[in-house]
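Working notes for the structure below.
The values are calculated or read from the model by the stated rules, or taken from the named source; none is laboratory data. Just so it is clear, the structure is predicted and the values come from calculations on it, not from any experiment. Cβ placement follows ideal geometry from the backbone for every residue including glycine, while neighbour counts extend to all protein chains displayed.
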């Protein structure tokens, strides 16, 4: 199924590059925002939080630049960041023991922002994929993310209050199969996710408020479609055997905070929630993301990611993901 989306992704990039040729005009730096893209997913599943597009200053791969830095020209602003990290260990006749292993993860974040007077359009494509080869266990997936966000906002600035009306359409899934390793019958791997199983499409409209350059808040009304295209996985997400799409309406709340801890150290944290109108408040889905990034030099960085999510359609327990990485990152433009 992923192959069917490839032509649309190519068309998306070509369209953005074509529109980027529009001449630019001067613009106040304070009036441009980028979409929140520091969402994270576990290596095996994707919580169904609606992922409203908070007007924030975050990036993935993360940046340690000034949190309040924004575009200074009207028209198009393009960014494309790539990142790679990995680890390798080999043992031979080693007294303390150990398993030979090699792990590699790649990430890409493409963002395009267009500003015209009081209107701002943001679009981003955020991908991440990682695998590890461990002696005795074969190849296992360690990270997997495919997220496409689009947001149109209109500035309602009043008495120096930074308020915006926004509408957004976001899509989120993963590239490959996901397993809960060694948790199936007889210690087998338990198959729990795949491309478009689950997949999430969210349409959101609401208001955003930026009380400070490092903090953004949102409230909105949303429609969310959850897709489970693999029949064998539908029961795991409380779907009926013949049900492949579920529609929900609800309320979204979101907050993003970016802090410069030290000269080469930054914190990016966000909270996103979705409360379905047909469910109890106790069934509110949420995802709480935290990323600490340390810049070693112009192209090397270290990062700690800690995410907590809740989605009672998948599990009544909290989902927790923690990833510590050292790698390289660079910007194509």
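Things worth noting here:
- Qualifying positions in region 164-188 - crowded, with 18+ Cβ neighbours inside 10 Å and outside any strand (DSSP E or B): 174
- When region 189-219 is filtered for residues that are over 17 Å from the mean Cα position of the chain (by Cα) and not in a strand (DSSP E or B), the ones remaining, listed by number, are 189, 213, 214.
- Conditions (1) under 15 Å from the mean Cα position of the chain (by Cα); (2) farther than 23 Å from residue 215 by Cβ; (3) surrounded by 17 or more Cβ atoms within 10 Å (Cβ to Cβ); number of the one not met by residue 101: (1)
- Condition met for residue 138 (crowded, with 17+ Cβ neighbours inside 10 Å and more than 24 Å from residue 303 (Cα to Cα)): no
- Just one of the listed residues (176, 182, 162) is more than 11 Å from the chain's Cα centre (by Cα), at pLDDT below 95 and closer than 23 Å to residue 124 by Cβ, and it is 162.
- Which listed residue, of 247, 268, is within 30 Å of residue 179 (Cβ to Cβ) and surrounded by 21 or more Cβ atoms within 10 Å (Cβ to Cβ): 268
- Screening the candidates 319, 225 for the property of being farther than 27 Å from residue 210 by Cβ and surrounded by fewer than 18 Cβ atoms within 10 Å (Cβ to Cβ) yields one hit, 225.
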